[in-house]
Ligand code: C5P
């Protein structure tokens, strides 16, 4: 395809969307943007500053001093590359608190839209197909069963030496899914023109191949 497009991908936690989108971006020479990084980095910033996570006004005013930049197609938080700390369990637990604050979402939506100011981007998150890039040429909803996703995440924890039961991972993920789907703003939803993939039974490379095929088919049709 000569003319570049934008690809918006939404999906629940551990659906493999970031890993697959990153590989697809490499394959088709597109820029990959993982928007969860912004929400996670702001949560980490609030935790590092010992902010009371129940004080919504404080969290909103903290936005003024939170600095995340997009430099050379990567996020920088506090002028440093993003650290794995944003994936810690404390951040994962607290990120839903900040993800429901309208002022936070409004600012981050604007930030992502500023980043994606041209074509040639693959952007993943929860509200990308619905709110951030409703005009994206290709919209994909990537999902897997809760059982498949929690097993994947549990195995990942085990490989990292994290001591946690599969049941706890399942329950935590179920809670986060419900939060992402039921919040009043920026909720995870399947838009009418999204292509839905259930990759419960696919490995990562099969998921990438399916996405690639969809991309090629879009190019052939347009
Ligand atoms: O995708 P990831 O699991 O890293 O996202 C972390 C959290 O950030 C999600 O649970 C979701 O609540 C929030 N998020 C969001 N909107 C986005 C991306 C992430 O609300 N576009």
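The single residue among 41, 61, 90, 117 that is under 29 Å from residue 6 (Cα atoms) and either surrounded by fewer than 17 Cβ atoms within 10 Å (Cβ to Cβ) or more than 14 Å from the ligand (Cβ to nearest atom) (or both) turns out to be 117. Put simply, of 177, 184 the only residue that is within 16 Å of the ligand (Cβ to nearest atom), at pLDDT below 95, under 17 Å from residue 96 (Cβ atoms) and in a helix (DSSP H, G or I) is 177.
Listed by first and then second residue, the pairs with beta-carbon distance under 7 Å, at least 6 apart or on different chains, first residue in region 1-28 and closer than 14 Å to residue 214 by Cα and in a helix (DSSP H, G or I), second within 9 Å of the ligand (Cβ to nearest atom) and at pLDDT 95 or above, are 21/124. The single condition from (1) part of a helix (DSSP H, G or I); (2) over 18 Å from residue 111 (Cβ atoms) that residue 52 fails is (1). Pairs meeting the criteria (first residue in region 113-142 and under 18 Å from residue 72 (Cβ atoms) and touching a residue at least 40 places away in the same chain (Cβ under 8 Å), second residue within 13 Å of the ligand (Cβ to nearest atom) and assigned to a loop (DSSP other than H, G, I, E, B), beta carbons under 7 Å, at least 6 apart or on different chains) are 116/133; 123/35; 123/116; 123/133. Whenever a residue of region 37-54 is more than 15 Å from residue 85 (Cα to Cα), it has no partner that is within 9 Å of the ligand (Cβ to nearest atom) and in a helix (DSSP H, G or I) lying with C-beta atoms less than 6 angstrom away and at least six residues away or across chains. Looking across region 170-198 at every residue that is free of Cβ contacts under 8 Å to residues at least 24 places away in the same chain and over 20 Å from residue 39 (Cβ atoms), the one that is surrounded by the fewest Cβ atoms within 10 Å (Cβ to Cβ) is identified as 192. Checked against the criterion of being crowded, with 16+ Cβ neighbours inside 10 Å, within 30 Å of residue 29 (Cα to Cα) and either more than 15 Å from the chain's Cα centre (by Cα) or within 12 Å of the ligand (Cβ to nearest atom) (or both), the candidates 112, 97 yield just one match: 112. Annotation note: of 32, 66, the sole residue that is more than 15 Å from the chain's Cα centre (by Cα) and more than 11 Å from the ligand (Cβ to nearest atom) is 66. When residue 123 is tested against the conditions (1) closer than 23 Å to residue 22 by Cα; (2) more than 12 Å from the ligand (Cβ to nearest atom); (3) in contact with a helix residue (DSSP H, G or I) (Cβ under 9 Å, 6 or more places away or on another chain), the lone failure is (2).
Please work out which residue is surrounded by the most Cβ atoms within 10 Å (Cβ to Cβ), limiting yourself to region 138-152 and to residues that are more than 15 Å from the chain's Cα centre (by Cα) and in a helix (DSSP H, G or I). Across region 138-152, the extreme among qualifying residues is 150.
The values are calculated or read from the model by the stated rules, or taken from the named source; none is laboratory data. Treat the numbers as computed from the prediction; the structure is a model and nothing was measured. Glycine also receives a Cβ, built like all others from the backbone with ideal geometry; neighbour counts cover every protein chain displayed.
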